[in-house]
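The values are calculated or read from the model by the stated rules, or taken from the named source; none is laboratory data. Keep in mind that what you see is a predicted model, and the values were worked out from it rather than measured. Methodologically, a virtual Cβ is constructed for each residue, glycine included, from the backbone with ideal geometry; neighbour enumeration extends over all protein chains shown. The accessibility values were calculated without ligands, DNA or RNA, using every heavy atom of the protein model including side chains. Shrake-Rupley method; radii C 1.70, N 1.55, O 1.52, S 1.80 Å.
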Amino acid sequence: MSPPPSQAPRPSRASHSPGAPVRAGIPEHGRMPKYYLAKAQLAELLDELGEGAVLPAERELAERYGVARETLRLALRELLLEGRVRRQGRGTVVAGPKIEQPLSLGSYTEGVRRRGHVPGRRLIGLERFAADAAAAGELGVERGDFVWHLERVLLVDDERVGLESTYAPTALLPRMDEDFDPAGSFYAYAREAGGLVSGGGEERIETVLATPREALLIGTPPALPMLLLHRRSWDVTGRPFERVRTLYRGDRFSFSTELTTGAAD
């Protein structure tokens, strides 16, 4: 039996838009959780208000959409995790679109600038340590050889958006602690100071939750999903020169890549 018309929400105009959930996520039987209906209504409000606008108070929104404040908070929490809204002081504002970062061996600096934003980095630490078996294997050095560890907070328009750890053999960049600019591009420095030209690499992405330390450095709640990128790069001779572990805020970043045609099954 079909649900009464009052229980069957009208699919939004984005129901069949490419990239959007089919039927805007509304099941065929038409019955929807109250928080999801409130979320859909809030999403339309965000489109109307525009980036940077402050949302009305929770009590006002709950009354407007006829839901309990706890239901409204659940809808707002999902929009926060998706990057549609962000906290500002004690209020909530409409967030801008996610920063699309290409999956390539170009630097973070170049990728952010191409999207019309101002990149930045804040140094947490630069230290030298003796490589254990795992680090030695990934960087092509002997166990016990010295390796640099560079840790920096990633910024976009002065907003903290990620945390990056870069590992590199000290022998390839022996003066890194003296002449490297922590706010600059590691790739540019490696090219200029060590003559290291990237010849290829491998990358892997997964979703994780930040550790308490990482969440504190990035300035996010520990429950906020993160995109974790692992990268290993080598120069034109095939010699490894970099191992990177980067956390990106899941509400502020998306990744893209260009696909090429290959043999079909």
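Can you list the trypsin sites (Lys or Arg not before Pro) in the stretch 173-223 that are in a DSSP coil and have 15 or fewer other beta carbons within 10 angstrom? Could the numbers behind the result be given before it?
Values: sites: R175, R191, R204, R213; in loops: R175.
The qualifying sites are R175.
Can you give the local net charge around A53? Use residues other than it whose beta-carbon is closer than 15 angstrom to its beta-carbon, Lys and Arg +1, Asp and Glu -1.
Numbers: positive: R84, R86, R87; negative: E44, D47, E48, E51, E60.
Combined, the nearby Lys, Arg, Asp and Glu give -2.
Roughly how far apart, in whole Å, are the Cα centres of the stretch 72-98 and the stretch 151-167?
After rounding, the separation between the Cα centres reads 21 Å.
Please work out the average accessible area per residue across the stretch 129-208, using the 1.4 Å probe convention, and give it in Å².
Details: 3880 Å² over 80 residues.
Value for the stretch 129-208: 48 Å² per residue.
Could you please report the charge total around A190, scoring K, R as +1 and D, E as -1 over all other residues with beta-carbon less than 10 angstrom from its beta-carbon?
So the surrounding residues net to -2.
Just subtract the alpha-carbon distance of E203 and E159 from 0.36 nm times their residue separation and send over the number in nm, one decimal. Write down the numbers at each step before the final one.
Values: separation 44, 0.36 × 44 = 15.84 nm, distance 2.51 nm.
Length gained, E203 through E159: 13.3 nm.
Relative to the Cα centre, what is the charge dipole magnitude of the stretch 140-265, using +1 at the beta carbon of each Lys and Arg, -1 at the beta carbon of each Asp and Glu, and rounding to the nearest 20 debye? Don't skip to the end; give the middle numbers.
Numbers: 14 positive and 21 negative charges, 60 e Å.
Here the size comes out at about 280 debye.
Once neighbouring chains are kept in place and the probe is 1.4 Å, which whole percent of the accessible area of the stretch 182-263 is contributed by carbon and sulfur? Mind dumping the intermediate values first?
On the way: 2400 of 4240 Å².
Summing carbon and sulfur atoms, their accessible area is 57 percent of the total for the stretch 182-263.
Can you tally the net charge around W234? Count Lys and Arg as +1, Asp and Glu as -1, for every other residue whose Cβ sits under 13 Å from the Cβ of W234. If you can, show how the numbers build up before the last one.
Values: positive: R231, R232, R239, R243; negative: E138, E202, E203, D235, E242.
Counting the neighbours of W234, the net charge comes to -1.
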